[in-house]
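In what follows, a single structure is set out as C-alpha cells and then discussed.
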Amino acid sequence: MRITLKDDGIEACVLTETSISSSASFPIPTPKSTLQTGLREMLRAPDKSDVTVENVMISRYGDGLYVHSGNGRFAIPYRHVFSLVLTQ
C-alpha cells in the first residue's frame, strides 16, 4: 500500500491510497501545507487526541491518524504519516 498527498488547486488537497488491486482518493478542502501542519502537531503532542485545522479534524486511532472531512474519514497508518509530513 502507498499513501500520497497532493495539491488539488490552491485551497484543496487529495489523499490517495493505492494498492496492487485498488485505489481510493479522499479530497480535502484545505491546502496541503495546512494539513501537513496539523499532522505534525499530532506527532509532536502524543497526549492530544485530536486537532482541528481549518475545516478538517485529525484524530488518533491505535495504529495511526484519521483525517476527518465532510462526511468521511481517511486512515493513515503511522508508517505512512512520516513520509507525508516530510514531503513538499
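Inside the stretch 12-58, counting only strands (runs of 3 or more DSSP E) that do not spill past its ends, which hold 1 or more residues that are loosely packed, with under 15 Cβ neighbours inside 10 Å and β-branched (Val, Ile, Thr)?
Details: elements: 13-18, 23-28, 50-53.
Result: 13-18, 50-53.
Only one of these is of a type in the set (Asp, Glu) and within 13 Å of the chain's Cα centre (by Cα): Glu17, Glu11. Name it.
Working: Glu11 fails: within 13 Å of the chain's Cα centre (by Cα).
The match here is Glu17.
Can we say Lys32 is touching a Cys at 6+ places or on another chain (Cβ under 6 Å), farther than 14 Å from Tyr78 by Cα and among the basic types (Lys, Arg)? Step through it out loud before you land on a result.
Values: touching a Cys at 6+ places or on another chain (Cβ under 6 Å): yes; farther than 14 Å from Tyr78 by Cα: yes; among the basic types (Lys, Arg): yes.
The answer is yes for Lys32.
Can you pull out the residues in the stretch 27-72 that are β-branched (Val, Ile, Thr) and out of contact with any Lys or Arg (no Cβ under 7 Å at 6 or more places or on another chain)? Steps first, please.
Within the stretch 27-72, the subset β-branched (Val, Ile, Thr) is 28, 30, 34, 37, 51-53, 56, 58, 67.
Of everything in the stretch 27-72, those that are β-branched (Val, Ile, Thr) and out of contact with any Lys or Arg (no Cβ under 7 Å at 6 or more places or on another chain) turn out to be Ile28, Thr30, Thr34, Thr37, Val51, Thr52, Val53, Val56, Ile58.
Inside the stretch 66-81, can you point out the residues that are assigned to a strand (DSSP E or B) and closer than 17 Å to Ser33 by Cβ?
Step one: of the stretch 66-81, the residues assigned to a strand (DSSP E or B) are 66-69, 72-77.
Matches in the stretch 66-81: Val67, Ser69, Ile76.
Between residues in the stretch 58-75 that are in contact (Cβ under 8 Å) with a residue 24 or more places away in the chain and residues that are surrounded by fewer than 19 Cβ atoms within 10 Å (Cβ to Cβ) and basic (Lys, Arg), which pairs lie under 8 Å by C-beta distance while being six or more apart or on different chains?
The qualifying pairs are Val67/Arg73.
Identify, by number, the condition in (1) at pLDDT below 95; (2) over 10 Å from the mean Cα position of the chain (by Cα); (3) of a type in the set (A, V, I, L, M, F, W, C) that Val51 doesn't meet.
(1)
The values are calculated or read from the model by the stated rules, or taken from the named source; none is laboratory data. Computed from a prediction, not measured in an experiment: that's the story for all the values here. Neighbour counts are summed over all protein chains in view; Cβ atoms, including those assigned to glycine, are modelled from backbone coordinates with ideal geometry.
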